[in-house]
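Shown next, in structure tokens, is the structure this report addresses.
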Amino acid sequence: MTKAAKRSGPGSGPGSGPTVTLCRGCCCGTERKHPGIDHAGQVERLRAGTADAGRVRLSDCLDACAQSTVAVVSPSAAGRAAGGRPVWLLGVLDRDTEDEISEWVRAGGPGVADPPGMLDLRVFTPARRIRAQLD
């Protein structure tokens with residue numbers, strides 16, 4: 001991440017569930033780039049959907065602007081122990097995708113559960129330099 005992320009919601013202590021990092025500052029979360037998207041509502045829906053199972057952080061920029069809106073689902077300690085790595089998702093712009101992200105976090109996230117529904121079609125691999133920021 002290029003700037004410090006903000007943590008939110010219950011279960012945000014060490015060893016808690018998966019973390020969803022949502023790009024917000026540069027262009028992903030802006031009306032200019034994505035008119036008609038309720039960006040604040042998206043954050044609240046993700047927080048509500050993952051509240052008891054994980055956490056949501058906001059990043060100013062994840063440096064993958066061409067894939068906007070980007071979210072990264074990082075594994076819990078258990079998921080990492082099982083070999084899970086952060087999973088980068090592109091085009092997180094609709095409620096179905098938000099719901100699938102929340103469902104995945106509630107199921108345990110990377111390393112514990114497979115992504116539900118069509119979420120695996122949104123997975124992409126960012127440049128190594130960018131990816132290293134969340135590993």
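The values are calculated or read from the model by the stated rules, or taken from the named source; none is laboratory data. Worth saying up front: this structure is predicted, and the values here are computed from it rather than measured. Heads up, the Cβs are rebuilt from the backbone with ideal geometry, glycines too, and the neighbour counts pull from every protein chain shown.
Scanning the range 59-102 for residues that are more than 12 Å from the chain's Cα centre (by Cα) and free of Cβ contacts under 8 Å to residues at least 24 places away in the same chain turns up ALA66, ASP94, ASP96. Residues in the range 1-50 that are in contact with a Lys or Arg (Cβ under 8 Å, 6 or more places away or on another chain), at pLDDT below 75 and among the aliphatic types (A, V, I, L, M): ALA5 only. Would it be correct to say that ALA82 is out of contact with any Leu (no Cβ under 9 Å at 6 or more places or on another chain) and modelled with pLDDT of 95 or more? Answer is yes for this residue. Among the residues of the range 83-122, those that are over 16 Å from ASP52 (Cβ atoms), of a type outside the set (D, E, K, R) and out of contact with any strand residue (DSSP E or B) (no Cβ under 8 Å at 6 or more places or on another chain) comprise GLY83, GLY84, GLY91, LEU93, GLY111, PRO116, GLY117, MET118, LEU121.
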